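Asks: A single structure is presented below for examination.
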Amino acid sequence: MKKEVRILALATIALAIGITVSYYNTSSLGYDNANIISFDTEQINLFDYHIRYDDIEKYYEKITDYLPKDIIVI
């Protein structure tokens, strides 16, 4: 079982590295702004995804509304 988990973890890491390298090489041909990850005062850019801080706060508030206020440990 341990061997399979290691093989799966290494395959996942190799796939992530391959996707990152191919994204960077392909996007650098199309335009000059080929960033894998960048931070700004308003958002985080990861590949071509733009994650705004305001959206993170909004989703965090929605999630915390559904969580119970008092936690009872059994």
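The values are calculated or read from the model by the stated rules, or taken from the named source; none is laboratory data. The model shown is predicted, which means the values in this text are computed figures rather than measured ones. Calculation scope for accessible area: heavy atoms of the full protein, side chains included, ligands and nucleic acids excluded. Shrake-Rupley method; radii C 1.70, N 1.55, O 1.52, S 1.80 Å.
Asks: Which residues, taken from the range 1-20, are open to solvent by less than 80 Å² (accessible area, probe 1.4 Å) and aliphatic (A, V, I, L, M)?
Replies: Listed by number, the residues that qualify are Ala9, Ala11, Ala14, Ala16.
Asks: Here is a further query. Give me a count of the residues in the range 35-64 that are open to solvent by 90 Å² or more (accessible area, probe 1.4 Å) and under 18 Å from Ile17 (Cα atoms).
Replies: Result for the range 35-64: 3.
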